Structures are given as structure tokens and as C-alpha cells.
Amino acid sequence: ERGAEEEKGSPEEKEQEGKISVKSNKKLLAVIAKMREKAGSGYAREKDDVEVCLNYAARQQDVEALLGSSFVSRISSLKIAPSDHVGEECVIDMREAHLPNLRVLEIAYVGVAAMHFVKERTPLLRKLSIELTVIPLEYIQLDLPELTHLALEHTSITDAKGFAKSLGLCPKLETFTSYKLRGLFVGSKAKAHKLVLPACTEMNLYRADDLDHLALWAPRLKLISVQACYYLKSLAMMDERPKKGFNGPAYAFEGEGSKFVVNVVNTTFGSYGDDLDLDSEEDEDDDVEGGNLSKGRKQKNTLEIFKHPRCEHVERKEKEGGPDV
């Protein structure tokens, strides 16, 4: 039964220094009531930030309780991360959540209905992390002018048509990190995800298994990793920024772009390709089937991005002691 798990310490102790950490719905409601009482008495300092951590399988009613609390406008950090695996019934919907002071949002091990976060509701959001969701995200729609760090792990997106536009509408995005992000398949180079990333220095799509076509304009990029993206067929760096929808000072860039490294370890453009001629469209080494080469067949083994003048190095082999895939 929810709320049965007991915690040490009173709600007052859990509120110290603007931090609220609870392990059950019952304790959350107790803290909310206590904070409302303080606000009514004038004791609470209404300008202080509040960091909230829900260390249990939070559900929609918990989110709504927070959104109706007396301190909702003070929440600067919200972390939802139960310690144990939960079922598909634990799904939260943040699409209508108005958190004007929120700067950090981290959600793990519960379901998230959709990845819908826009400046009208979370204008100050800087760090967003969603991982190990128990159901696929319905879609992605972001418009976050202050977002600098985005992480998605063990997550899939049912409708990813808004992926490129969403990242482009986060012009301060510095790092994008993902692991086993699925749902990015488009089917043809003409439909490639075209990312506009004026501030991004690191783009990591490790094990985005169904990603097949990607192009990006990223003048400050230092690393693009498509390690273990098994379906990858095209990857390109655009020299000109797509103008439609991406204008204004936040997208301005002058001068030469930074040099970057491309990581293609464990792709068909990867480890065995060190001995191949990158200037040739086809090479005499052979096809890849189950990670092995079969003799007597030609294999295209280059990506457009390899020949870009800013490409400083292509990482093809797993470094010793690197992660398993």
C-alpha cells in the first residue's frame, strides 16, 4: 500500500536548507501541509529556492500535489527516482506543469507520458534528464532557451518527428548525451534529422540502434559519437545554418568552426576500417554480417562527415577498457 514505507526524521527535518526529500506519498503530503502552514504564518521566506527529491514511485497525483503546493514557484530542482523497479502504472504527465523557477529536472525509473517542455511553463530549465522510462515517450517537443544539458538513457520515442526541431529550439544546448535512445529511424537521407546546435560541444548518441540518417550544423562541436549506431547510413556536417525557424542572436556565429572528433566504433564505418581508403567511395574489403567481414564483396566505408575540413580524427576502434555494447 502506498505511503506504508516509513522514513526517519520529521517533515521539518527534511525541509532543512531548502531541500525536501521523501520516500512516500504520505510523507510528501505531510511536507506540503507543513509548508502551507508556514507560508500562512509568514514564517517561510518565499524567495528561497526549494529542491525536491521524490525517492519513490511517484504517480500523477504526486505531481499534481506539488503543482498545487504553496512553494511551487520556488522549486528549482525536481528529481523523481525510486530505488526499486516499478510497473507501467507509474506514469507521470508533465505537459501542463508550470514550474517557473525550475532549473533541474531528473526523472528515472517511472513512465513519462511525453517529453513536452516549453518556455511558457519551464522558462529557466537548464538541465533535463530522463532515463529508464517504463513506457515509450509519446513524442518530443522542446522549446527551452536556457537548456544547456540534455540526457536521455534507456528511452524510446514513439513519434520522433519533432526531435531535430526540439533540439534546435534549445540554442544554448552544450551537451546532448544518450544511451539506447530508440525511435530515430527515418528511412531515407532526404528525411534525415537536421540538427541546429549553435552552442553544442558534445553530441553523444551511443547505441541509438535505429538511427539511420543525421545531419547537423554545430560550429562549436568537439565530439560527435555514433558508437554502436548499427543502422547508421549517413552522417553529415552542414556548413550553412538552416534559416527557417532558427534566427536571432542565439544562433549567430562568426569565424571558423572548431575541430571535432567522430566516434564510429562498432558501426559499419568502424573498427575494421582503419586499413581502408577514406578517399574511395568503395573498398575491396567486404560486407559486414553479424560484425564479421565476408570476402569477395565491396563495402562502402565512408561517411560524408569524415571528409569535412573540420574533422580532425575518426575514432574507429574501442579503446582498451572501454564500455561493452
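Work out how far the C-alpha atoms of segment 111-203 reach from end to end along every principal axis, then list the three figures in whole Å, largest first.
Cα spread of segment 111-203 along its principal axes, largest to smallest: 32, 32, 23 Å.
I need to check one value: relative contact order of segment 39-181, counting alpha carbon pairs closer than 8 Å and at least 6 residues apart, in percent.
Answer for segment 39-181 is 17 percent.
Could you give the dipole magnitude of segment 55-211 about its Cα centre, charging the beta-carbon of Lys and Arg +1 and that of Asp and Glu -1, in debye to the nearest 20?
I would put it at about 620 debye.
What share of Cα pairs, in percent, lie more than 16 angstrom apart in segment 176-279?
60 percent
Not counting ligands, DNA or RNA, and with a 1.4 Å probe, what is Arg241's accessible surface area in Å² rounded to the nearest 10?
Rounded to the nearest 10, that gives 50 Å².
Mind checking the full-extension length gain between Gln61 and Val261? Use 0.36 nm per residue of separation minus the Cα-Cα distance, one decimal, nm.
In short, 67.5 nm is gained.
For segment 193-204, just list the computed ³J(HN,Hα) in residue order, Karplus coefficients 6.51, -1.76 and 1.60, θ = phi - 60°, integers in Hz, with x standing in for Gly and Pro.
Listing the rounded values in order: 5, 10, 8, 10, 10, x, 10, 5, 10, 9, 10, 10 Hz.
Work through the residues other than Tyr230 whose Cβ is under 11 Å from its Cβ and net out their charges, Lys, Arg +1 and Asp, Glu -1. Intermediate values should be presented prior to the final figure.
Details: positive: Arg207, Lys233; negative: Asp209, Asp210, Asp212.
Here the count lands on -1.
What is the local net charge at Ser156, summed over the other residues whose Cβ is closer than 13 Å to its Cβ (Lys, Arg +1; Asp, Glu -1)? Don't skip to the end; give the middle numbers.
Working: positive: Lys180, Arg182, Arg207; negative: Glu131, Glu138, Glu153, Asp159, Asp209, Asp210.
My count for the surroundings of Ser156 gives -3.
Remind me, relative contact order of segment 103-142 in percent, using alpha carbon pairs under 8 angstrom and six or more residues apart?
58 percent
Just read off the accessible area of His313 with the full protein assembly in place, 1.4 Å probe, to the nearest 10 Å².
It works out to around 80 Å².
Under a 5 Å amide H to amide H cut-off, with H placed in plane at 1.01 Å, what residues pair with Val134 once short-range neighbours are removed?
Val110, Gly111, Val112
Between His98 and Ala113, what is the label-to-label distance in nm when each label sits 7 Å out along the Cα-to-Cβ direction?
1.7 nm
Could you sort the peptides 258-268, 302-312 by per-residue average Cβ neighbour count (10 Å cutoff), highest mean leading?
Result, highest mean Cβ count within 10 Å first: 258-268, 302-312.
The values are calculated or read from the model by the stated rules, or taken from the named source; none is laboratory data. Keep in mind that what you see is a predicted model, and the values were worked out from it rather than measured. In this analysis, Cβ positions are derived from the backbone assuming ideal geometry, glycine residues included, and neighbour counts consider all displayed protein chains. Heavy atoms of the whole protein, side chains included, go into the accessibility calculation; ligands, DNA and RNA do not. Shrake-Rupley method; radii C 1.70, N 1.55, O 1.52, S 1.80 Å.
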